[in-house]
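Below you'll find the structure, written out as structure tokens, and then a few comments.
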Amino acid sequence: MKSFKKQAGFTLVEIAIVLVIVGLLLAGVLKGQELIENSKVKALVSEVNGVSAAQNAYVDRFRRIPGDDGNLAAVQARGGAWASVTAAGNNDGLFVVAQNQVFTGAGEGAAFWQALKAAGFLTGNPADAGAASLPRNAFNGLVGVGTGVTGMTGSAVCLSQVPGKAAQALDVQMDDGVSNTGVIRATLGVVGANTAPGAVVVPAPVGSSGYIETNQYTVCKTL
């Protein structure tokens, strides 16, 4: 007579337990990613508010606009960190950074960041010039400033390389949640690039935010 060996294997209960464990691990990973994303959005909010507060504090202290403080020799003569500043604007009472200069440090952009750093309102090296003077945001894009960007009046702070989901969350927390209205406007960016804000904001059909989660945006808010 033939003898048959009992085959070893997983029971339905064991398989069910494994599936439950895998499900819990997957849920934990997804929840962790969501928490990281939310923390980055909060960081963006802090960055935007921080630039606005720094600019206002500068005006209160010096009675001049950061970036338009000039002349350079007088600014450097303040001593300390000011001695390493390389740009100061022309002190004509107007802060000027064109839309295509937002992430380059051109115009009075570099002078803006150097002044806020030298005054101690922002961290960083006041000697950094050009695009190197611009801070990095939570998504490793740049933080820039410009005037008249995306059709808005006055100056604005802009963030590059912001994923669609985060851009919408930022808009919801600080404005109306719609890409082409209010004090926050978004323009489509190139993935992995610090895309200057465009003249045409992202259209938002009625009942829509205008944001697509898989896209990347440059987001600007009035200062």
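Just so you know, all these numbers are worked out from the coordinates, no wet-lab data involved. This one's a predicted model, so the numbers in the text were calculated from it and none came from an experiment. Neighbour counts are summed over all protein chains in view; Cβ atoms, including those assigned to glycine, are modelled from backbone coordinates with ideal geometry.
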- Message: Through the Karplus equation 6.51 cos²θ - 1.76 cosθ + 1.60, θ set to phi - 60°, convert the phi angles of the range 97-113 into ³J(HN,Hα) values in whole Hz; use x for Gly and Pro.
- Response: 9, 5, 4, 7, 9, 3, 9, 10, x, 6, x, 9, x, 4, 4, 4, 6
- Query: Which ordering of 147, 218, 86, 153 is given by a fewest-first count of other beta-carbon atoms within 10 Å?
  - Reply: 153, 86, 147, 218
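Would you mind finding the longest exposed-site-free stretch of the chain, with exposed trypsin sites (Lys or Arg not before Pro) meaning DSSP loop and at most 11 other Cβ atoms within 10 Å?
Values: sites that count: 2, 5, 6, 63.
With trypsin sites (Lys or Arg not before Pro) excluded where exposed in loops, the chain gives 64-223 as its longest stretch.
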- Message: As a footprinting exposure proxy, order 212, 65, 184 by other Cβ within 10 Å, with the fewest listed first.
- Response: 212, 65, 184
- Specify the angular offset, from 0 to 90 degrees and rounded to the nearest 10, of the alpha carbon long axis of helix 12-62 from the longest principal axis of the alpha carbons in the chain. 10
- Contour minus Cα-Cα distance for residue 12 and residue 191 (0.36 nm per residue): 59.8 nm
- Task: Could you check the simple spin-label distance between residue 39 and residue 91, using points 7 Å along Cα→Cβ, in nm with one decimal?
- Result: 4.5
- Message: I want to verify a result. In a Gaussian network model of the chain, Cα cutoff 10 Å, which of these has the top mean-square fluctuation: 44, 188, 12?
- Response: 12
- Query: Taking other Cβ within 10 Å of each residue's Cβ, how do 112, 62, 10, 121 sort, fewest first?
  - Reply: 10, 62, 121, 112
- Note on the structure: GNM of the chain, Cα pairs under 10 angstrom: of 179, 208, 133, the biggest fluctuation goes to 208
- Considering the options 200, 21, 87, tell which one lies farthest towards the positive end of the dipole of the chain, charges being +1 on Lys and Arg and -1 on Asp and Glu at the Cβ, about the Cα centre. 21
